[in-house]
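J.: Below is the structure I would like to discuss, written out as structure tokens.
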Amino acid sequence: MWGRLLTCAPIANRRKLLGNQTVPVLTQCHNKELQEGPIGMPAIRVSALTKTIQTATHRVDILRGIDFDVQHGEFVAIMGPSGSGKSTLLGLLAGLDTPTSGHIILDGEDITGLDEDRMALLRGRKVGFVFQSYHLLPTLTAEENVLLPFELTGGNGSSGRTRARELLESVGLDDRREHYPVQLSGGEQQRVALARAFMVRPPILLADEPTGNLDSQNGQHVLDLLISLNKREGTTLVLVTHDPLLSSRASRLITLRDGLVVPNP
Ligand code: ADP
Ligand code: MG
């Protein structure tokens, strides 16, 4: 069902599918729609966000009250020393983890307090994720890996395959479609992961040190592809990085230190 609706279903249908959501739901055909979002709402709003972990012996305040907005189509880099809470923050934005307090509003929808099923649905349609260590499924070919988000959201038929091939071509891997991850270099695997992240046109793409495991040449190539796909698809991009060269390409920088946002000078 999702797959059919993910293609060019009329907006009214797509709204209906998700009940009374105020969000423009799916964005397969119209990037303009994707960039605009609900009137007046940023793509991401984080307010008073905290994350505390209580272990048997002590308590770790990982995030201690984070506030920021990211506008539609923006490319924001998050920097900060190791241990400052960057990955925790990104995991919360992706709905992979739940905050201790505070709110995360994606495209006008408050994701804090959603149950597992709704969270999974939201992740599938709203957020793409690129990890430092690629996270490709070893038993699937490059093309099957790229197709996976489409199939997980109920898609089938040739439109998905066409899109997967087009994306693999965009990242320069059209001749590696049938290769398994183990037959690909690190840079190639990350390019497959990029194609996969864009497969269902998520309005928001989150990337946690996507070039961290690559040498500088491959890292540069992956970054160029990420930025060009981001522009082409009209995605809102939030990228965690240690690399000042990478962050210099962003439209805005958010710096974390000890679980807090450092005010810009
Ligand atoms: P960064 O990505 O900026 O390096 P992280 O978000 O991974 O930082 O981690 C922030 C801090 O929280 C670190 O000190 C880390 O050790 C701690 N931390 C993260 N996850 C857990 C956990 N599950 N239990 C205890 N401490 C954690
Ligand atoms: Mg990290």
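J.: Go through region 162-213 and count every residue that is within 16 Å of ligand 2 (Cβ to nearest atom) and surrounded by fewer than 24 Cβ atoms within 10 Å (Cβ to Cβ).
T.: Of the residues in that region, 4 qualify.
J.: Let me ask you something else. If we scan region 216-236, do we find a residue that is within 16 Å of ligand 1 (Cβ to nearest atom), modelled with pLDDT of 90 or more and closer than 19 Å to LEU205 by Cβ?
T.: The answer is no, given that none of the residues of region 216-236 is within 16 Å of ligand 1 (Cβ to nearest atom), modelled with pLDDT of 90 or more and closer than 19 Å to LEU205 by Cβ.
J.: Can you tell me which residue in region 245-265 is nearest to SER47 (Cα to Cα), limited to those that are free of Cβ contacts under 8 Å to residues at least 60 places away in the same chain and out of contact with any Leu (no Cβ under 8 Å at 6 or more places or on another chain)?
T.: Filtering region 245-265 for residues that are free of Cβ contacts under 8 Å to residues at least 60 places away in the same chain and out of contact with any Leu (no Cβ under 8 Å at 6 or more places or on another chain), the one nearest to SER47 (Cα to Cα) comes out as PRO263.
J.: Scan region 66-89 and report the pairs whose first residue is within 12 Å of ligand 1 (Cβ to nearest atom) and whose second residue is in a loop (DSSP other than H, G, I, E, B) and of a type in the set (Val, Ile, Thr), with Cβ atoms within less than 8 Å and a gap of 6+ or a chain change.
T.: Filtered contacts from region 66-89: ILE78/THR241; MET79/THR241.
J.: Residues ALA43, ALA48, ALA56: which one is away from ligand 1 (no atom under 14 Å from the Cβ) and more than 23 Å from PRO203 (Cβ to Cβ)?
T.: Criteria check complete, one pass: ALA48.
J.: Considering only residues that are in contact with a Lys or Arg (Cβ under 8 Å, 6 or more places away or on another chain) and within 20 Å of LYS126 (Cα to Cα), which ones fall in region 137-153?
T.: ASN145, VAL146, LEU147, LEU148, PRO149, PHE150, THR153
J.: Check every one of the helices (runs of 4 or more DSSP H) wholly within region 1-117 and list those with 3 or more residues that are crowded, with 17+ Cβ neighbours inside 10 Å and at pLDDT 85 or above.
T.: 86-93
J.: Quick one: would you say ASN264 is over 21 Å from LEU137 (Cβ atoms), away from ligand 2 (no atom under 16 Å from the Cβ), modelled with pLDDT under 95 and crowded, with 19+ Cβ neighbours inside 10 Å?
T.: no
J.: Among the residues of region 145-167, is any within 16 Å of ligand 1 (Cβ to nearest atom), small (Gly, Ala, Ser) and farther than 20 Å from ARG232 by Cβ?
T.: Looking for residues that are within 16 Å of ligand 1 (Cβ to nearest atom), small (Gly, Ala, Ser) and farther than 20 Å from ARG232 by Cβ, one finds none in region 145-167, hence no.
J.: Pull up region 118-136, narrow it to residues that are among the basic types (Lys, Arg) and surrounded by 22 or more Cβ atoms within 10 Å (Cβ to Cβ), then point me to the one that is modelled with the lowest pLDDT.
T.: That would be ARG125.
One line per residue, one yes/no per condition, for (1) basic (Lys, Arg); (2) part of a loop (DSSP other than H, G, I, E, B); (3) more than 23 Å from LEU223 (Cβ to Cβ):
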residue	(1), (2), (3)
PRO138	no, yes, yes
VAL146	no, no, no
GLY160	no, no, yes
ARG163	yes, no, no
GLU166	no, no, no
ASP175	no, no, no
GLU178	no, yes, yes
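J.: Could you list, in sequence order, the residues of region 226-254 that are surrounded by fewer than 18 Cβ atoms within 10 Å (Cβ to Cβ) and not charged (D, E, K, R)?
T.: ILE227, SER228, HIS242, PRO244, LEU245, SER248, SER251, LEU253
J.: Take the residues in region 149-158 that are out of contact with any Pro (no Cβ under 9 Å at 6 or more places or on another chain) and not in a loop (DSSP other than H, G, I, E, B), then tell me which one is surrounded by the most Cβ atoms within 10 Å (Cβ to Cβ).
T.: Looking at residues that are out of contact with any Pro (no Cβ under 9 Å at 6 or more places or on another chain) and not in a loop (DSSP other than H, G, I, E, B), I get PHE150.
J.: Of all residues being without any contact (Cβ under 8 Å) to a residue 40 or more places away in the chain and not acidic (Asp, Glu) in region 122-155, which is nearest to LYS86 (Cα to Cα)? Just the residue, please.
T.: ARG123
The values are calculated or read from the model by the stated rules, or taken from the named source; none is laboratory data. In this text the structure is predicted, and so the values were computed from the model without any measurement. Glycine also receives a Cβ, built like all others from the backbone with ideal geometry; neighbour counts cover every protein chain displayed.
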